[in-house]
Every structure is written in structure tokens, then in C-alpha cells.
1. Along the Cα→Cβ direction, 7 angstrom out, place labels at residue 212 and residue 427. What is the inter-label distance in nm?
2. What is the gain in length, in nm to one decimal, between residue 267 and residue 288 on full extension, counting 0.36 nm per residue of separation less the C-alpha to C-alpha distance?
3. Calculate the spin-label point distance for residue 419 paired with residue 352, positioning each point 7 Å from the Cα along the beta-carbon direction, and give it in nanometres.
4. For the chain, what is the percent of antiparallel DSSP beta bridges, rounded to the nearest 5?
5. List the relative contact order of the chain as a percent without decimals, with contacts defined as Cα pairs under 8 Å and 6+ residues apart.
6. With runs of 4+ DSSP H residues as the only contributors, calculate the mean residue ellipticity of the chain at 222 nm using -39,500 (n - 2.57) per run, divided by the residue total and rounded to the nearest 500.
7. Applying a 10 Å radius around every beta-carbon, put 201-208, 259-266 in order of their mean neighbour count, most first.
8. What distance in nm lies between label points placed 7 Å from Cα along the C-beta direction at residue 404 and residue 256?
Amino acid sequence: MPVPTDPNRVIVFDTTLRDGEQSPGCSMNLGEKLEMARALADLGVDVIEAGFPIASPGDFESVQAIARQIRGPVIAGLARCNPADIDRAADAVKDAERPRIHVFLATSAIHREFKLRMTAEEVAKRAVEGVKRARDRCADVEFSPEDAARTELDFLAEVVERVVEAGATTLNIPDTVGYAVPTHYAAIIRHLKQKVRGIDKCVLSVHCHNDLGLAVANSLAALQEGARQVECTINGIGERAGNTALEEVVMALRTRHDFYGLTTGINTKHLYPVSRKLALVTGTQVQRNKAIVGQNAFAHEAGIHQDGMLKERSTYEIMRPEDVGISRTELVLGKHSGRHALKQRVTDLGFHLTDEQLNRVFEEFKNLADKKKEIYDADIEALAENQLQTGTGNLWTLVGFTSTAGTGSQTSAAVALRHLDGTVRRDAAIGNGPIDALIKAIDRITGLAVKAVDYRVRSVSQDMDALGEASIEIEHAGKRSRARAVSQDVVEASALAYLEVVNRVAMRQVRDRLKPTDHVPTEVVPSS
Ligand code: KIV
Ligand code: ZN
């Protein structure tokens with residue numbers, strides 16, 4: 001990516017699909033990643049870090065699909081500083097409109113000594129070799145000295161200078177373990193800007209983790225010192241306490257333009273829909289009081305505040321909810337709404353559905369509207385999201401079930417599933433509660449014993465007749481998979497969510513049988 005001509009324009013580098021996706025409970029399948037990538041492009045991010053291609057064949061496939069299908073943003077693939085990683089990343093991003101390879105290597109003394117077992121000079125050399133190899137494959141190369149915030153300043157400056165000379169076009173300074181505080185982090189950026197020859201040819205970038213709750217503050221401090229790329233994730237998801245939250249840093253720059261004088265290319269009206277979409281896709285809800293996108297972010301409870309708001313909104317409101325895409329009126333559609341109105345709402349909520357998917361959402365919407373008089377955005381999101389998640393070519397689909405539960409009686413469930421070959425198979429089981437019984441009956445049919453590691457149910461909107469959402473995370477052969485489903489019946493939602501993950505495991509087994517794994521990373525895949 002060329003150095004932006006406007007010196008006050010900040011490049012927004014989104015790493016939700018890489019650093020964010022690595023965090024527990026946030027993994028996404030290919031369809032979900034593509035849908036998120038489309039939403040990020042619509043949001044106006046400048047760079048999408050689509051994944052870490054060498055980490056697994058699935059990661060490679062999703063980076064490649066995003067590179068091929070998403071137009072607008074630069075598409076980056078992550079690589080360690082070794083030829084296999086770099087070549088794999090180059091292959092994955094090569095069909096992008098604007099590809100980028102992001103290479104990284106740890107530079108701090110702790111990492112050099114205990115993780116890499118390399119001397120400082122060996123690290124510097126390896127970094128240079130990595131950048132050169134990446135430059136041979138791609139004109140846009142970002143380099144990150146991992147754990148930069150804990151690296152000796154002089155050595156950091158030396159490595160940075162050598163990789164700039166080797167051809168890096170963006171230099172990212174990660175606070176990998178969230179150790180920095182704003183004045184300290186700002187001083188690192190200032191030092192590099194003053195001391196490193198040729199640094200002005202590159203974009204200086206910041207990448208902060210939130211272990212001390214300072215990721216956004218640190219990022220802003222670095223931008224004040226002249227960094228012009230900020231790396232961040234939607235809802236701040238990421239390893240441990242997460243990464244810099246995109247919505248927070250963007251709204252801080254916008255709301256305090258008087259102070260920072262910086263702009264981004266983000267269409268802020270998409271912030272809330274994208275945040276909701278990520279929460280739906282990953283099953284990880286944002287906390288109620290989360291800045292910008294939390295349920296309470298624009299709710300005024302105190303009487304004095306409400307009184308002030310009624311007189312003049314700016315007394316207690318520094319941002320307008322509509323500017324981040326939160327509509328003041330929540331109630332949107334009812335049973336008389338047509339397909340066109342539904343389509344508009346689904347699009348406003350940030351979904352890209354095919355006509356066929358939209359028809360199915362419309363059908364489900366009409367069924368729901370017959371049972372439930374008020375349909376909220378959250379209901380529509382849940383129905384739309386259901387379509388995106390439902391895999392094609394599933395091995396098993398639910399035909400029907402019955403379950404019995406009650407005080408003093410044993411709980412049992414009977415299930416009928418249709419196999420891909422068209423046959424319907426039935427079985428029954430008893431269990432501790434209707435959901436346990438249902439899952440056991442499904443396991444008896446599929447013959448797959450997966451271990452459920454997390455199970456949640458919640459109501460999608462506020463009424464007693466609201467849609468219920470079930471979200472299940474399972475573990476099988478050392479891999480975790482999460483799925484969610486909605487229905488007015490939480491037992492049915494649970495069965496559908498469970499079947500979705502069972503199908504993923506079953507399809508993975510089929511794929512693994514057909515296709516040998518063609519790439520195995522040689523080192524441990526990093527988690528930050
Ligand atoms: O936190 C970190 O250091 C990273 C790098 C790979 C950029 O995520
Ligand atoms: Zn990171």
C-alpha cells in the first residue's frame with residue numbers, strides 16, 4: 001500500500017480474522033470469515049488481515065478465498081520469518097486486488113533467549129532475509145518485531161532500520177503482551193521516528209494488546225506521535241484480554257477530531273451492525289457496558305441525565321447512536337411487512353444474502369410474525385445469521401424430535417435425522433434433562449462422540465415469546481468448533497446448533513479422508 005498522501009489519514013488495519021479469530025471461542029468457518037470480510041470491506045477498513053496461511057489448510061483456504069473475492073481493502077496474510085511460511089502466505093494472497101505479506105519475528109531479549117534461542121544478530125539477519133523473500137513475492141510487505149514494546153530500544157531501532165533497507169513498506173510495532181502504557185509506548189514511536197534512517201518511506205503502524213486495559217489508549221498515544229496505521233479488531237476480540245477495539249479507536253479519533261486532527265476511511269454507521277454480526281458469528285457477546293457497541297452505551301438511566309437529554313442531547317451525549325448505526329427505534333417489522341422491507345432491513349443490518357437465502361429468511365420471518373407480534377432487529381439478525389451458518393451438503397439434517405421432561409420423571413428424547421444419502425434414521429435416549437437426552441440420541445445415530453465444552457442459551461430479544469438462541473462449543477480430535485442456532489423452542493435451537501457442529505466434524509473427517517494434509521507448520525503457531 002502506498003504511503004497515504006494525506007498526512008492526517010490513519011490506515012485502519014483489521015485483524016479480527018487473524019489475531020481476533022485466534023482467541024478461544026472466536027473461531028469461524030470459511031463462510032463466516034467471508035461474510036465478516038465483506039462486512040469489513042463495507043465498513044471501510046483499509047487492510048484486512050485474513051489469516052495465517054501456514055497455520056492449517058483451512059486457514060490457507062480462507063485467506064485465499066478472501067483474497068479472490070473481496071475487493072477494496074488490501075488483503076494481508078501473516079507469516080513467520082521463514083521461507084515456507086512466506087511462500088505459503090504469498091500463495092494465499094496472490095490473487096488479491098492488493099496483496100500484502102505480513103512477516104514477523106520476535107526481537108525482545110526474553111523471546112530471543114527462551115523462545116527462539118537466537119542471538120540478537122541472528123534475529124536481525126533472519127528479519128532481513130524474511131523481508132527480502134517477502135518482497136520478492138509481493139510489493140507490499142509489513143514487518144513486525146514481535147514483543148517490540150519489551151525490546152531494547154537501540155536494538156529495536158537497528159532491526160527496524162535494517163528491514164526498512166531490505167524493503168519493508170509498513171513497520172508495525174506490536175505490544176504483544178499488553179505491557180506498555182501510553183507515555184512509554186509513545187516514546188518508542190518517537191524514538192524510532194527520530195533515530196531510524198529511511199523510516200519516512202514507510203508507514204509506521206501500531207498493534208496493541210489489552211492486558212492492562214490500555215490498548216486503545218496506547219494506540220492513540222502512538223498515533224499522536226506520527227504512527228499512521230492502527231491494527232485493531234471488531235469488539236476488541238483477541239488473545240487473552242484482546243486487541244485494540246476498532247470501534248473505540250475510530251470513534252475516539254472522530255469524536256475528538258478537535259484534539260487529534262486525524263481521520264479514517266471508516267463508515268461509522270456500519271460499526272454497530274458489524275459488531276453484532278461478529279457477536280452472532282462467534283457466539284461471543286459484548287459486555288453490556290462496552291464503549292460504542294454495548295447495549296448500555298447510549299442508555300441514560302439517571303433521572304438527571306434523562307432530564308438533560310430531553311432538554312438538549314449534547315448535555316450527556318458525546319456521540320449520536322445513529323452515527324455508529326444504532327437505530328433509536330428498535331421495533332422494525334411486523335406481520336404485514338413485505339419482502340422488500342425485510343430485504344432493506346437485512347441489508348441495513350449488514351448481511352449479504354443470496355435471493356434464495358433471503359426467501360428462506362422471509363419464510364421464517366412470516367412464521368415468526370404469526371407467533372410473535374413484535375419483531376426486533378435482533379430477531380432479524382438471528383434469522384439472517386442462521387442462513388449464513390447452515391452448511392450446504394450437511395451430512396445430517398433434523399427431521400424431527402420429541403422430548404419429555406418434568407419433575408420426578410426421567411427425561412427422554414427421540415430423534416429422527418436424515419442422512420445425506422436420503423435415509424431417515426431414528427433413535428432415542430434418556431438423559432439429565434431434555435437437551436442432554438436429545439444430544440445422546442443424536443450421538444447414537446451419528447456414531448460421533450464429540451465432547452461439549454461450552455453450552456449457552458439466551459433470549460435474542462426482550463419478550464417472553466422471543467427467539468431462543470443456543471450456542472454450543474465442542475471438542476473433537478483436539479479441535480474446537482462452535483455453532484449457534486435459533487428457534488422459538490430452545491430445545492430445538494440446541495438440537496440444531498449441536499447438529500451444525502456434528503456436521504462440521506463429520507465433513508472434516510470426510511475431507512481428511514479424501515485429501516492428505518499438505519502442509520504442516522514446523523514451529524509452534526504463535527498465539528498473539
Ligand atoms: O501481537 C503480536 O505481536 C502479533 C504479531 C504477529 C503482529 O500479533
Ligand atoms: Zn497481536
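Read-outs throughout are calculated quantities, based only on the coordinates presented, and are distinct from any laboratory measurement. This is a predicted model, so every value here is computed, not measured. Here the Cβ is made from the backbone with ideal geometry for all residues, glycine too, and neighbour counts use every protein chain on show.
1. 5.4 nm
2. Gain on stretching residue 267 to residue 288: 5.2 nm.
3. Each label point is offset 7 Å from its Cα along the Cβ direction, giving 3.7 nm.
4. In the chain, DSSP labels about 50 percent of beta bridges as antiparallel.
5. Across the chain, relative contact order equals 12 percent.
6. Using -39500 (n - 2.57) per qualifying helix, the result is -12500 deg cm²/dmol.
7. 201-208, 259-266
8. Label-label distance for residue 404 and residue 256, simple model: 6.4 nm.
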